[in-house]
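Structure first, commentary second.
Rule-based calculations on the coordinates, nothing more; no lab input. A quick note: this is a predicted structure, and the numbers were derived from the prediction, not measured. Because the Cβ atoms are built from the backbone with ideal geometry, glycine has one as well, and the counts that use them run over all protein chains shown.
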Amino acid sequence: MSKTGIAVIDVGATNSKVILFDDALNEIDSRKVPTVHMGGPPYTHLDDASLMAFATDALVELDRKLPIDTISISAFGATVACLDGQGQLTTPVMDYLAEAPAELDAEFAKITPPFSEVFSNTSPCALTIGKQLFWLETLYPDAFARTETILPWSAYIGYRLGGRPAMEISNLGVFTHLLDVKSSAYSSLVTSRGWDKKFPEILPAWQVIGQYKPEGFRGRGDILCGIHDSNANWLRYLSGHEGSFTLLSTGTFVIGFDSDTELDDLNPDTDVFSFTDIFAKPVACSRFYGGYEFEKVLDGVAPTKASAEGIAAIIAGGVFALPAFSDTGGPIADRGNRGQIIGDFTEGEVARASLATLYAALMINELLDTLGSTSDIIIDGPFAQNTLVAGIIGQLRPGQKILASELRDGTAMGAAILGQMKGGGTVPSLPIPMKPCAASAFDGLSQYRDSWHAHIASE
């Protein structure tokens, strides 16, 4: 075992963890706690005090197992902290699920930067940081006027541990409306409203911003600038796959990240956006509410009830699940909340799960089309374990290799990689266990997909 360790504070919307790695990135130990979301007033917000109490206690405990020389922080995006001149919060840290008043949404729409500048549409709730800041500025002007520093969530945690205030590019460039994506400069929204004066210096994610050194702490406690959680996962795959690829990150959302797609090829009528990585490179993305919609079509049936025979029967019977079973059509424009099942559908667990499997695979295929994906496709997350979904994607895209990632906790591992990059910024080569997925061979699948398209167009 190495003599020093890397601690990752991995803050998720559901759970937050502190994970201890040795310097070869072997996991040694971890601590976990639910992330606390609080209701209003003044709006749904996050309990930063309980998070910091958990993180500091866990760091001290884990440092006793292996001295912690580096602390890397990964946190979910769409979250910022507003601080006064003494470093205290001027407003509670807004939860990105907070819902703005309708009149505020309408006013923000009048000042939203063009898609060609920020490469994202305004997301629902408070998922667009630009809308969050406009909300605070408009409804809480006195508190916002006292705000001298605005920090992304991961940088705020680093600041509370003892680091200096800092911005980091990956937190600025994920559907925030804060970044002019092609130039990596602040957007016209930021400069016109003077918010840039409240943002600290932009530093690399791997740069040390301070030390965490409570009494008795054995390691150096170098605090890194921090990273957006999806960017941490992307970094792990950058370190483990040579050449071009499309990453499918699956979970509640299915998000496709393509290493080669040009931003100007993105269709703003679909749910696409740019994602700026830690090297300030824009990465084209497309998403849909994949895991959520999969569960909606399943309607309580276990996904493991799906079978090749069931899928073949759905195709032969001309039964279709048409998008979308959420408020966004994802890769298919104007299909929000229009989901329905058509055809002579006979209820049953196998039929229901098989239909949901087909629907998920067809929507993922559409998502890949919005990106113009032509390279290897790496499936990460729950759908990496679903051989039926992977097989259908492979059959629909015969020129591409489909790989199922066996990686677990890619976000935490990506954040830990920053510890190895400290001081130089060079990404280490760390292979990822992946297995090739065989394409399925369903009779009539291409024709079924074409009929699915035709039904969507005729609705």
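Data table
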item	result
Qualifying GluC sites (Glu not before Pro) in the stretch 309-418, DSSP loop, other Cβ atoms within 10 Å at most 11	GLU347
The chain: angle of helix 48-65 to the longest principal axis, Cα-based, in degrees nearest 10	80
Size of electric dipole in the stretch 41-103: Cβ of Lys, Arg +1 and of Asp, Glu -1, about Cα centre, debye, nearest 20	220
Partner lysines for LYS281 [C-alpha distance under 20 Å; skip if fewer than 8 residues away on the same chain]	LYS182, LYS422
³J(HN,Hα), Karplus 6.51/-1.76/1.60, whole Hz, each residue of the stretch 21-28, x for Gly, Pro	10, 7, 6, 9, 6, 8, 6, 9
The chain: calculated mean residue ellipticity at 222 nm from DSSP helix runs of at least 4, using -39500 (n - 2.57)	-10000 deg cm²/dmol
Whole-Hz ³J(HN,Hα) from phi, Karplus 6.51 cos²θ - 1.76 cosθ + 1.60, for the stretch 290-301, glycine and proline x	x, x, 5, 5, 4, 5, 4, 5, 4, 6, x, 7
Relative packing of peptides 431-439, 121-129 - highest average C-beta neighbours within 10 Å first	121-129, 431-439
In Hz, Karplus ³J(HN,Hα) per residue of the stretch 157-171 (6.51, -1.76, 1.60; θ = phi - 60°; x = Gly, Pro)	4, x, 4, 5, 6, x, x, 7, x, 7, 9, 8, 5, 5, 6
Net dipole in debye of the chain [+1 Lys, Arg Cβ; -1 Asp, Glu Cβ; about Cα centre; nearest 20]	1040
Residues whose placed amide H lies under 5 Å from that of SER16, excluding near-sequence neighbours	VAL33, THR35
Order of ASP10, ASP47, ASP277 - criterion: other Cβ atoms within 10 Å of each residue's Cβ, fewest first	ASP47, ASP277, ASP10
Angle between the chain longest axis and helix 410-421 axis [Cα atoms, degrees, rounded to 10]	40
Considering only the stretch 1-155, percent of DSSP beta bridges that pair antiparallel, nearest 5	75
Ascending count of other beta-carbon atoms within 10 Å, so fewest first, for TRP153, TRP195	TRP195, TRP153
Contact order normalised by residue count of the chain, Cα under 8 Å, 6+ apart, percent	14
Antiparallel content of DSSP bridges confined to the chain, in %, to 5	70
Burial ordering of LYS305, LYS213, fewest other beta-carbon atoms within 10 Å first	LYS213, LYS305
